[in-house]
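Novice: What follows is a single structure, and I will ask about it in a moment.
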Amino acid sequence: MNRTTVERTSDREVVVTRTFDAPASLVFEAWTEPELFRQWWVPRSMGMTLRSCELDARTGGNYRLVFGDDPANPMAFFGTYLEVVPNQRIVWTNEESGADGSVSTVTFEEENGKTTLVISEIYPTKEALDAAGTGAQEAMAETFGQLDELLASLAAPTARS
């Protein structure tokens, strides 16, 4: 089983690493195609609903994810894609926190049909990272387990026709 590691590498940065048993092109697709992304992104244990998922995964494009079971009190995460290099790298802003939002970079490095994914989140200040905590990064172990399941189903010969 692949293990997810979470490491605070500086006062302003958290890095999450995970290897997937799938080629980079498939892992990248799961990150950029809304119909795939919504199948794995929310940890099932949290019992949250992803109400909408808009991903315009291109440099300069925007994303918006809306969560919550109460339509009157949705929780939205949104930002802009600063850089999108197919099958290699995605960089985006996290604007829901205003000036304290982080910039996230995910890289996809393929070797022998497996992809090592590294997510770096850099915050503007130590205080912003402290306030954000590491809960979201810790939840990624479950989220990435769900991504493993999706990738296995996509790689199955009958899954793609």
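The values are calculated or read from the model by the stated rules, or taken from the named source; none is laboratory data. Keep in mind it's a predicted model, so treat the numbers as computed, not measured. All Cβ positions, even for glycine, are placed from backbone atoms using ideal geometry, and neighbour counts span all protein chains on display.
Novice: If you scan the range 23-72, which residues turn out to be at pLDDT 90 or above, of a type in the set (Gly, Ala, Ser) and in a loop (DSSP other than H, G, I, E, B)?
Specialist: Passing the criteria: Ala57, Gly60, Gly61.
Novice: Also: Can you pull out every residue in the range 73-105 that is of a type in the set (Ser, Thr, Tyr), in contact with an Asp or Glu (Cβ under 9 Å, 6 or more places away or on another chain) and within 20 Å of Asp130 (Cα to Cα)? So that I can check it myself, show each step before the final result.
Specialist: Residues of the range 73-105 of a type in the set (Ser, Thr, Tyr): 80-81, 93, 97, 102, 104-105.
Pick out the ones that are also in contact with an Asp or Glu (Cβ under 9 Å, 6 or more places away or on another chain) and you get 80-81, 102, 104-105.
Correct list: Ser102, Ser104, Thr105.
Novice: For the range 72-85, which positions are touching a strand residue (DSSP E or B) at 6+ places or on another chain (Cβ under 8 Å) and of a type outside the set (Ser, Thr, Tyr)?
Specialist: At the first step, the residues of the range 72-85 found to be touching a strand residue (DSSP E or B) at 6+ places or on another chain (Cβ under 8 Å) are 74-84.
Listed by number, the residues that qualify are Pro74, Met75, Ala76, Phe77, Phe78, Gly79, Leu82, Glu83, Val84.
Every residue, every condition in (1) crowded, with 18+ Cβ neighbours inside 10 Å; (2) of a type in the set (S, T, N, Q); (3) under 23 Å from Pro86 (Cβ atoms); (4) within 13 Å of the chain's Cα centre (by Cα), yes or no:
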| site | (1), (2), (3), (4) |
| --- | --- |
| Phe20 | yes, no, yes, no |
| Leu26 | yes, no, yes, no |
| Thr32 | yes, yes, yes, yes |
| Phe37 | yes, no, yes, yes |
| Met48 | no, no, no, no |
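Novice: Still on this structure: Can you name every residue in the range 75-118 that is assigned to a loop (DSSP other than H, G, I, E, B) and either of a type in the set (A, V, I, L, M, F, W, C) or surrounded by 14 or more Cβ atoms within 10 Å (Cβ to Cβ) (or both)?
Specialist: Start the filter on the range 75-118 by keeping residues that are assigned to a loop (DSSP other than H, G, I, E, B), which leaves 86-88, 94-97, 101-102, 112-113.
Residues satisfying the conditions are Pro86, Asn87, Gln88, Asn94, Glu95, Glu96, Ser97, Gly101, Ser102.
Novice: Return the residues of the range 50-73 that are surrounded by 14 or more Cβ atoms within 10 Å (Cβ to Cβ) and not basic (Lys, Arg); say none if nothing qualifies. Working first, answer last.
Specialist: Going residue by residue through the range 50-73, those that are surrounded by 14 or more Cβ atoms within 10 Å (Cβ to Cβ) are 50-51, 53, 55-57, 61-68.
Selection gives Leu50, Cys53, Leu55, Asp56, Ala57, Gly61, Asn62, Tyr63, Leu65, Val66, Phe67, Gly68.
Novice: Of the residues Glu96, Glu35, Glu7, Glu13, which single one is among the acidic types (Asp, Glu) and in contact (Cβ under 8 Å) with a residue 40 or more places away in the chain?
Specialist: On the way: Glu96 fails: in contact (Cβ under 8 Å) with a residue 40 or more places away in the chain; Glu35 fails: in contact (Cβ under 8 Å) with a residue 40 or more places away in the chain; Glu7 fails: in contact (Cβ under 8 Å) with a residue 40 or more places away in the chain.
None of the others qualify; the one that does is Glu13.
Novice: Out of Pro43, Pro71, report the one residue that is in contact with a Ser or Thr (Cβ under 8 Å, 6 or more places away or on another chain) and of a type outside the set (S, T, N, Q).
Specialist: On the way: Pro71 fails: in contact with a Ser or Thr (Cβ under 8 Å, 6 or more places away or on another chain).
Step by step, each of Pro43, Pro71 is checked, and only Pro43 is in contact with a Ser or Thr (Cβ under 8 Å, 6 or more places away or on another chain) and of a type outside the set (S, T, N, Q).
Novice: Can you tell me which of (1) closer than 19 Å to Phe144 by Cα; (2) modelled with pLDDT of 95 or more; (3) in contact with a helix residue (DSSP H, G or I) (Cβ under 7 Å, 6 or more places away or on another chain) is the one Val16 doesn't meet?
Specialist: (2)
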